[in-house]
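Q: Have a look at the structure that comes next, please.
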Amino acid sequence: MLQTLGRIPWIFTPIIYLLAVHQLNISLEGPSGYAFIGIAVVVLFIEFVKSGDIGVVSFLLDTISSVLALMVSTALLTYMIFSLNEAPTFFHWFGYAIIVGDALFSPANAFRTALRNFGVAGQ
């Protein structure tokens, strides 16, 4: 079961949360915003832990899902600003920062772990 949970691209969770909040017309001010911050931080932690000690196929899928999440979130943020004429709140920028952080640090962590496993690091 733990391996199955490790294969899920959790980084799409903040995107889905923001889409659901927008569709339901729920304000991110208050408990829903703080719940979003909690979910986003937990997702970043899960993605970072998931990126350690992985195989080649898992590394490729993890990198592709991170880049895809970055593209989707950039497109949605751009749509929100230019088409809906809404200003992003702190929570939108926080979620975007989590997604950018995942796209930068998860592949770097996986690559660092791979170098350590091959005995290349530190020489």
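The values are calculated or read from the model by the stated rules, or taken from the named source; none is laboratory data. From a predicted model like this one, the values you see are computed outputs, not experimental measurements. Don't worry about glycine lacking a Cβ; one is built from the backbone with ideal geometry, like all the others, and counts go over all protein chains shown. Surface areas here come from the heavy atoms of the whole protein model, side chains and all, with no ligands, DNA or RNA. Shrake-Rupley method; radii C 1.70, N 1.55, O 1.52, S 1.80 Å.
Q: State all residues of region 35-54 that are closer than 23 Å to Asn117 by Cα and aromatic (Phe, Trp, Tyr); if no residue qualifies, say none.
A: Across region 35-54, the qualifying residues are Phe45, Phe48.
Q: Which of (1) over 18 Å from Asn109 (Cα atoms); (2) open to solvent by 50 Å² or more (accessible area, probe 1.4 Å); (3) not charged (D, E, K, R) is the odd one out, the single condition Ile46 does not satisfy?
A: (1)
Q: While we're here: Condition first: open to solvent by 50 Å² or more (accessible area, probe 1.4 Å), in contact (Cβ under 8 Å) with a residue 12 or more places away in the chain, in contact with an Asp or Glu (Cβ under 8 Å, 6 or more places away or on another chain) and part of a helix (DSSP H, G or I). Can you find one or more residues in region 107-122 that meet it?
A: Yes: one or more hits.
Yes/no matrix, rows are residues, columns are (1) within 16 Å of Ala69 (Cβ to Cβ); (2) at pLDDT below 95; (3) of a type in the set (Gly, Ala, Ser):
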residue	(1), (2), (3)
Leu2	no, yes, no
Ala35	no, no, yes
Ala40	yes, no, yes
Ile54	no, yes, no
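Q: Given the structure, is Ser32 without any contact (Cβ under 8 Å) to a residue 40 or more places away in the chain and open to solvent by less than 50 Å² (accessible area, probe 1.4 Å)?
A: yes
Q: Further, regarding this structure: Please name all residue pairs, on different chains or six or more residues apart, with Cβ atoms under 7 Å, provided the first residue is in region 58-87 and is closer than 16 Å to Phe105 by Cβ and the second residue is aromatic (Phe, Trp, Tyr).
A: Partner pairs satisfying both residue conditions: Ala69/Phe12; Ser73/Tyr96.
Q: Restricting attention to region 67-94, which residues are loosely packed, with under 13 Cβ neighbours inside 10 Å and not in a helix (DSSP H, G or I)?
A: The answer is Ser83, Leu84, Asn85, Glu86, Ala87.
Q: Quick check on my filter: what residues within region 51-63 are of a type in the set (Val, Ile, Thr) and farther than 13 Å from Ile99 by Cα?
A: Ile54, Val56, Val57
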